[in-house]
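A short worksheet on the structure shown next.
The values are calculated or read from the model by the stated rules, or taken from the named source; none is laboratory data. This is a predicted model, so every value here is computed, not measured. Methodologically, a virtual Cβ is constructed for each residue, glycine included, from the backbone with ideal geometry; neighbour enumeration extends over all protein chains shown.
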Amino acid sequence: MVLGHEISGITEKGEKVVVFPDYWCGHCNNCRRGFHNSCKNKISIGVNVDGGMAEYINVPKDFVFIIPDDLNLELGALIEPTAVAVAAVNKIDKEIGKVVILGSGSTGTLISIVAQIKELEAFIIEKDRRKEEILKEKGFKVTSEFEFNDRIAVIDTINNQESISVAQTILKNSVARSELIITGLDEEQISLNRDIIVRNEVIIKVQLYIIEMTF
């Protein structure tokens with residue numbers, strides 16, 4: 001299996017392009033209703049089929065998008081994870097002005113950037129001190145606070161029991177009807193504290209892969 005999920009490159013015609021890396025079938029119940037990111041037969045480049053870390057790759061034309069000539073390919077490869085970040089931030093209720101992001105990988109940092117562009121106050125929680133210092137040097141807001149006097153959105157980009165527990169602690173100490181947005185996938189089972197979720201009327205949302213309109 002050749003790896004490589006976030007792909008930019010040059011076509012045989014010399015055009016700079018990026019690839020939408022998740023193929024949907026168009027025939028399952030979800031696809032017929034327009035929920036392509038939840039396709040039952042989805043194929044992911046670099047996961048189910050060979051990916052972009054190859055000299056050549058064959059991609060269906062409907063999943064290839066031309067980018068400007070003056071956009072370098074390194075930045076072009078960031079379009080896919082940025083689209084994931086945009087889709088996640090778009091889930092946040094418009095009356096919420098603060099977002100707390102768990103995890104400072106590519107998804108977490110891009111969510112912070114997108115949130116700030118959309119005029120949200122964004123905080124990252126990162127327990128690794130070295131990463132925390134780098135984030136601060138780059139101008140990101142890093143916090144260890146678990147109490148907010150507002151409705152907030154907590155976006156979990158880590159998706160394990162530890163991060164979900166941290167998210168619930170933050171939500172317990174925030175204003176009711178705050179939001180928990182879970183991104184990405186992991187086979188690990190997680191448990192939610194029903195008392196925290198119900199008493200605080202936490203609104204739980206998920207973001208699965210890219211929504212094509214954000215790409």
(request) Working carefully through the options Asn37, Asn30, find the one that is outside any strand (DSSP E or B), among the polar types (S, T, N, Q) and more than 23 Å from Gly76 (Cα to Cα). (result) Asn30
(message) Just to be sure I understand, how many residues within the range 39-59 are over 15 Å from Thr11 (Cα atoms) and either buried (at least 16 other Cβ atoms within 10 Å of the Cβ) or more than 24 Å from the chain's Cα centre (by Cα) (or both)?
(response) 5
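Residue by residue through the range 40-54, note down the ones that are closer than 15 Å to Val19 by Cβ and part of a loop (DSSP other than H, G, I, E, B).
Answer for the range 40-54, where residues must be closer than 15 Å to Val19 by Cβ and part of a loop (DSSP other than H, G, I, E, B): Lys42, Gly46, Val47, Asn48, Asp50, Gly51, Gly52, Met53, Ala54.
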(message) For the range 109-139, which positions are assigned to a loop (DSSP other than H, G, I, E, B) and at pLDDT 95 or above?
(response) Lys118, Glu119, Leu120
(request) Determine the pairs where a residue that is assigned to a strand (DSSP E or B), located within the range 87-108, has a partner that is surrounded by fewer than 18 Cβ atoms within 10 Å (Cβ to Cβ) and among the polar types (S, T, N, Q) with Cβ atoms under 8 Å apart, the partner being 6 or more residues away or on another chain. (result) Val100/Thr143
(message) Criterion first (in contact (Cβ under 8 Å) with a residue 40 or more places away in the chain and either surrounded by 16 or more Cβ atoms within 10 Å (Cβ to Cβ) or small (Gly, Ala, Ser) (or both)) does Asp22 satisfy it?
(response) yes
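Condition check ((1) surrounded by 13 or more Cβ atoms within 10 Å (Cβ to Cβ); (2) more than 18 Å from Val18 (Cα to Cα)) across all residues:
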{"site": "Lys61", "(1), (2)": "no, no"}
{"site": "Pro68", "(1), (2)": "no, no"}
{"site": "Leu75", "(1), (2)": "no, no"}
{"site": "Gly103", "(1), (2)": "yes, yes"}
{"site": "Ile125", "(1), (2)": "yes, yes"}
{"site": "Ser144", "(1), (2)": "no, yes"}
{"site": "Asn149", "(1), (2)": "no, yes"}
{"site": "Ser163", "(1), (2)": "yes, yes"}
(request) Give Gly4, Gly34 a once-over and let me know the one that is free of Cβ contacts under 8 Å to residues at least 12 places away in the same chain and small (Gly, Ala, Ser). (result) Gly34
(request) Could you please find all residues in the range 142-177 being of a type in the set (Asp, Glu) and assigned to a loop (DSSP other than H, G, I, E, B)? (result) Glu145, Glu147, Asp150
(message) Let me spell it out: the conditions are (1) outside any loop (DSSP other than H, G, I, E, B); (2) out of contact with any helix residue (DSSP H, G or I) (no Cβ under 7 Å at 6 or more places or on another chain); (3) surrounded by fewer than 20 Cβ atoms within 10 Å (Cβ to Cβ), and Pro81 meets all of them except one. Which number is the exception?
(response) (2)
(request) Report yes if some residue within the range 120-132 is assigned by TED's automatic domain parsing to the domain that holds Ile96, within 21 Å of Thr169 (Cα to Cα) and among the aromatic types (Phe, Trp, Tyr); otherwise report no. (result) yes
